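See structure below.
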Amino acid sequence: MKSPIPDYLTRVLENARPFDAGEPACYIDVLAKADTTRMAVALATVDGSVYSVGDDNIEFSMQSISKPFVYALAIQDQGLAKVLEKVGVEPSGDAFNRLSLEAGTNRPMNPMINAGAVATHALVNSPDGTVEGRVNRILDMMSRLAGRQLHVDEEVYEAEFKDANRNMGLAYMLKAAGMITCDPQEAVKGYVKQCSVNVNVRDLAMMAATLANGGVHPVSGERIIPQDSVRQVLSVLTTCGMYNSSGDWISNVGIPAKSGVSGGIIGALPGQLGLAVFSPRLDERGNSVRGVAMCKQLSHDMGFHMMDVSQIGRATVRSWTATIAGGTKQSKGCQQEIAIFELRGAVRFSGAERLTRAIIKEIRPPSEKRDGTDVHPHFCAVLFSFRNTYSVNDVARRLIHENIRRLASTTNVVVVDPNNVLKMSEEPETGPNPVHVVKTEAEARNYIGGIGCQVVSRGDTL
Ligand code: GLU
């Protein structure tokens, strides 16, 4: 069967083709003479599938799309606190090349406008490093993100650097304000080189998908950007990524994004996918006209708006009871019943809280036996299955451990956790009944009922 996704993307592309407003960036000749018939769109999932249609192998310079990735590098090289001393995180509402600094701090408002991007560039490697060193580090990171060796387009670089008066003005302003320590010309040189790195939409979609995947490359599995830098980058993209139409963009499209003056836009939808579009005609704010149209349609059709919250927590927990029959072990004091709890997907607080409620509902408080010990009226064991759990975050793990610890004080607890998402071995043993961790349901069954036993499921109870 042929996947319907490329056919859908072709429809998105063709729907945007009739939009012929706007002009390509005209401040340098190489961009002004761009072929305005070129259009492309690509999607890359966080598990590494890439779909693309249109002129998906046509290369163009990254321009401002380079800014979020270089911001991530600066954070990695200097630490977030140092970067925040030099570059703020407030949306400016001004044009991208405005000569302005934040009142009081003298910092550029954010790293996505040119003043902030030049200051950010100067923080890569070390503030006293060379242009070559910074550019090589940036190219190396971009290439690993794209999954192929990328290059600086020297024609674009020469043309931009020849006429970089405005950016030069910004760099001198930054130097005077103490926000960069290197030679302003060198900072602009490196910044213009980072803007001149050539890519196609497939490269960009994969780069964005790495951001969407918490900094881990979807295909190579390499961690390229630390998790906390990803959070910082995506936050800034949410408020400042689309020049001075960022508010309109985030309410309409709802995807952290960055555009560049050569007509590209990337979007990184956390946990799901990266997308990239290309078409050189720009609107008055510097965003690709057809690119914005394609992103709007994709977001609306596919439910990509990040604020469209579905009740993810509800889908994560299933619980049911079963009876153990046969087998070599006969448990005393219970009716051979077990309670089973299964968690699916990526478990965070809401999933773990739902599990907690399911446990409380299912497992009634123990009643006291005549000898003073507690006993659950029905269950000879409680089984947790994490076989289909993709991940458990820290708070969810702590809550589940605590639930298990409390249960284990009065009953037998068996945990099926083949991928060790729960890291039970890191939990000190407590209570009279040690928690038994196994890799398969069969091992759990044999442990509870003895070899040869069968489990007769009684259906869902939630
Ligand atoms: N190289 C361009 C400049 O600094 C990039 C601007 C952009 O893409 O917004 O003017």
(Q) Out of 134, 144, 148, I need the residue that is away from the ligand (no atom under 13 Å from the Cβ), among the charged types (D, E, K, R), surrounded by 20 or more Cβ atoms within 10 Å (Cβ to Cβ) and at pLDDT 95 or above. Which one? (A) 134
**Q.** Looking only at the range 72-100, and only at residues there that are more than 23 Å from the chain's Cα centre (by Cα) and acidic (Asp, Glu), the one that is nearest to the ligand (Cβ to nearest atom)
**A.** 94
(Q) So, in the range 85-129, how many residues would count as being hydroxyl-bearing (Ser, Thr, Tyr) and either out of contact with any helix residue (DSSP H, G or I) (no Cβ under 8 Å at 6 or more places or on another chain) or surrounded by fewer than 17 Cβ atoms within 10 Å (Cβ to Cβ) (or both)? (A) 3
Q. Any residue in the range 95-103 that is in contact with a Phe, Trp or Tyr (Cβ under 9 Å, 6 or more places away or on another chain), in contact (Cβ under 8 Å) with a residue 24 or more places away in the chain and part of a helix (DSSP H, G or I)?
A. no
Q. Would you say residue 216 is of a type in the set (Val, Ile, Thr) and within 16 Å of the ligand (Cβ to nearest atom)?
A. no
Q | residue 69 being closer than 19 Å to residue 134 by Cβ and within 15 Å of the ligand (Cβ to nearest atom) | A | yes
Q) Being at pLDDT 85 or above, loosely packed, with under 14 Cβ neighbours inside 10 Å and within 34 Å of the chain's Cα centre (by Cα), is that true of even one residue in the range 373-387? A) no
Q. Residue check, residue 107 against (1) assigned to a loop (DSSP other than H, G, I, E, B); (2) within 16 Å of the ligand (Cβ to nearest atom), all met but one. Which one?
A. (2)
Q: Could you please tell me which pairs satisfy a Cβ distance under 6 Å, a separation of 6+ or placement on different chains, a first residue in the range 157-172 that is without any contact (Cβ under 8 Å) to a residue 24 or more places away in the chain, and a second residue that is buried (at least 16 other Cβ atoms within 10 Å of the Cβ)?
A: 168/188; 172/184
Q | Single residue of the range 3-47 satisfying the filter (of a type in the set (A, V, I, L, M) and assigned to a helix (DSSP H, G or I)) that is nearest to the ligand (Cβ to nearest atom) | A | 31
Q. If you go through the range 168-189, how many residues are surrounded by 16 or more Cβ atoms within 10 Å (Cβ to Cβ) and in a loop (DSSP other than H, G, I, E, B)?
A. 4
Q: Would you be able to tell me the number of residues in the range 152-167 that are assigned to a helix (DSSP H, G or I) and buried (at least 18 other Cβ atoms within 10 Å of the Cβ)?
A: 6
Q: Sort through 321, 328, 316, 356 and tell me the only one that's at pLDDT 90 or above and either surrounded by fewer than 16 Cβ atoms within 10 Å (Cβ to Cβ) or within 30 Å of residue 401 (Cα to Cα) (or both).
A: 356
Q. If you go through the range 230-255, how many residues are touching a Phe, Trp or Tyr at 6+ places or on another chain (Cβ under 8 Å) and modelled with pLDDT of 95 or more?
A. 6
Q: Among residues belonging to the range 191-205 that are crowded, with 24+ Cβ neighbours inside 10 Å and more than 12 Å from the ligand (Cβ to nearest atom), point out the one that is nearest to residue 39 (Cα to Cα).
A: 201
Q | Filter result (buried (at least 16 other Cβ atoms within 10 Å of the Cβ) and more than 16 Å from the ligand (Cβ to nearest atom)) within the range 232-251 | A | 232, 233, 234, 238, 239, 250
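The values are calculated or read from the model by the stated rules, or taken from the named source; none is laboratory data. No experiment lies behind these values; they were computed from the predicted model shown. With ideal geometry, Cβ positions are generated from the backbone for all residues, glycine too; neighbour counts draw on all protein chains shown.
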